[in-house]
Amino acid sequence: MDRLESSDPRSIGGYRLLGRLGEGGMGRVYLARSERGRTVAVKSVKGELAQRPEFRRRFSQEITAARRVGAEWTAPVLDADPEAAEPWVATGYIAGPSLAEVVDRDFGPLPENSVRALTTGLVRALQAIHGAGLVHRDLKPSNVLITIDGPRVIDFGIARALDSAMQSSGGMTRTGSVIGSPGFMSPEQVRGSVVTAASDVFCLGAVLAYAATGRMPFGTADSGAHAVMFRIAEEDADLRGLSGPLYELIAACLEKDPERRPDVDTLVARTEGEISGTWLPGQVLAQLGRHAVQLLDSEDPEGQTERQDAASATTQPPSMPSTPPSAYHPALAGGPNVSPYQAGRGPYGYPQPWMGGGQHTTYGPAGPYGHPGRTPRPARPVRTIGTPTWVLILLTLVWTVAALIHSISLDATLSSHPESWLVTAHPEYTALKERSQIIDVFGGLAFLVTIILWLMWFWRVRLNAEAFEPGRVRYDPGMALGVWFIPFCNFFMPKQIANDVWSVSRGDPPEWYQGRRYPPRRGLVSGWWTMWVIYFIWSFSQFFSWYDETTIDEAEGIIALQIFTHFFAIPAYILAVVFVSRLTNMQDDRIAAGA
């Protein structure tokens, strides 16, 4: 660990920094302590990456998914802020050297029993990572930390955010851009092909070969990174010195064809066994002891003065700043790129009581809804509710068309007689009335079932949006149902929730929420809502029946209102079908992608 430099911050997100642990392609890693005294590793992302909206979006998604990974064989994700000026993530600190340090500096190649135990731990780490829907993409010796209890894998899933930041708008990797570490990449990464869980299996084989032989299986970068990548894609690995089951396992992992590699579950079955404290050589155990002592000797670089300042600050009563919104809203004031959600404010920079009154943080102890004690529910597939919902809306649309045709025909039939006639005196009154009543009954039943399914679907997509990106959706989840029954409020509040759910589900960058009252690409949502409101306003005519009127003239007036209402109901139902179908597909695609 190195000392902090003058350019380094002294705290990040409430974590007091103690020293530098390292620096890589994404940013710097610091040793830090939380306010409760827990030792953590905080990775701060470089500013140039933070300027790319696609990186921020993917970084947020990957952090959300990484939180679902178990902590037994990995460094657990504890906290994060993807919306900070320089996004950061805090993970549990692993007090041990990396595999690269052990092999290159402290010991050399590990004995076979140590490599077998290393294999057991890494395979189970990949099983947990893949089980959360993540692909590591950058498994290498420096991302494997060694402890007495076994190896720990770090930085899982984060490379995917870097991958997205280095891609062009067409989705292809930019010329010369390669995600991964030369020498520990898969052929798919070298060729720019689709990267799946099988890529991590190949990287696992390269890491195990390195641990067992002390050399990189495809050569070092001294001869050029491109030469190494060519050998990865086209030539066999150098596995000299390996034999027996260990050789067979590593060779199987290093197959060029992803389909021929064993999957993680197969590897788990081949590496059964416990890891004990004797799995490491004595020299490596001594190094672990030195790491522990160094951690205990780490002091607060700021000393007692800052602690006293922090203590005095906590004694001051909280107050609302008397500054205008532009003073704290980054898009209006041009200040630091801090999300208004971090301050308990809505997407346009104004305080929002439903977001926790200034105590809300995206990944903080206040919970994703801005209230203490609440935690995000995992996203659940929507199709089981979404498909019946849009199908039923489609059937209601068919009924609406039938009702429109019936109303036009009814109006023509009644208009063939004098307007002053009693409606009951019309010769076809009884037959027309019975036909209208049948249509009304079927329409009422269809509408009732549609409303129930709609509310269930709207509740589900609202909860999923919170799971995708906590803090990005306004109002509490219960309001997703309640607002439809609140007079006057149902003219605007459901649309606000729908706006947020739509943008979160599609993965819109957070910047679209800041200082822009109408983020782009919401035409479908706005069109559906406009037609629905117009239809809702005129739907009062459905509560009147033409056959209850006295004269034909009065009956024709009710029928004309119903025809007018049906004309607006048809596009409202069509757009609702598209809206439900599109949003359901977007959410299920994100769930399938592990986002």
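What follows is calculated from the coordinates using simple rules that are stated; it is not laboratory data. Everything numeric here is computed off the predicted structure, so don't read it as measured data. Every residue, glycine as well, gets a Cβ built from its backbone with ideal geometry; the counts of neighbours run over all protein chains shown.
Computed from backbone phi with θ = phi - 60° and the Karplus coefficients 6.51, -1.76 and 1.60, the 3J(HN,Hα) list for the stretch 237-249 is 6, 8, 10, 4, x, 9, 7, x, x, 5, 4, 4, 5 Hz; x is used for glycine and proline.
Within the shell of other residues whose beta carbon sits under 13 angstrom from the beta carbon of V441, the net charge comes to 0, with Lys and Arg scored +1 and Asp and Glu -1.
Taking Lys and Arg as +1 and Asp and Glu as -1, the other residues whose beta-carbon sits under 11 Å from that of W529 total +2.
Between E235 and K46, the modelled labels are 3.0 nm apart [label points 7 Å from Cα along Cα→Cβ]. Taking amide H positions as modeled 1.01 Å from N, with prolines and chain starts lacking one, the residues under 5 Å from R16 and 5 or more places away or on another chain are R33. Scanning residues 5 or more positions from A80 or on other chains, those with amide H under 5 Å from its amide H are A90, Y363, with H placed 1.01 Å from N in the peptide plane. Between the beta carbons of F488 and I570, assuming R0 = 22 Å, the FRET efficiency works out to 0.25 to the nearest 0.05.
With θ taken as phi - 60° and the Karplus curve 6.51 cos²θ - 1.76 cosθ + 1.60 applied, the whole-hertz 3J(HN,Hα) list for the stretch 447-463 is 5, 5, 5, 4, 4, 5, 5, 4, 5, 4, 5, 5, 4, 5, 5, 5, 5 Hz, x standing for glycine and proline.
Distant-in-sequence amide contacts of T74, defined by a placed amide H-H separation under 5 Å and a gap of 5 or more residues or a different chain, comprise V153. Each residue of the stretch 546-551 was assigned a 3J(HN,Hα) from its phi angle through the Karplus curve 6.51 cos²θ - 1.76 cosθ + 1.60 (θ = phi - 60°); the sequence is 4, 6, 8, 7, 8, 10 Hz, with glycine and proline shown as x. Hull volume per residue, based on the alpha-carbon atoms of the stretch 383-592 and their convex hull, is 117 Å³. Of the residues Y573, Y93, the one with the fewest other Cβ atoms within 10 Å heads the list, and the complete ranking is Y93, Y573.
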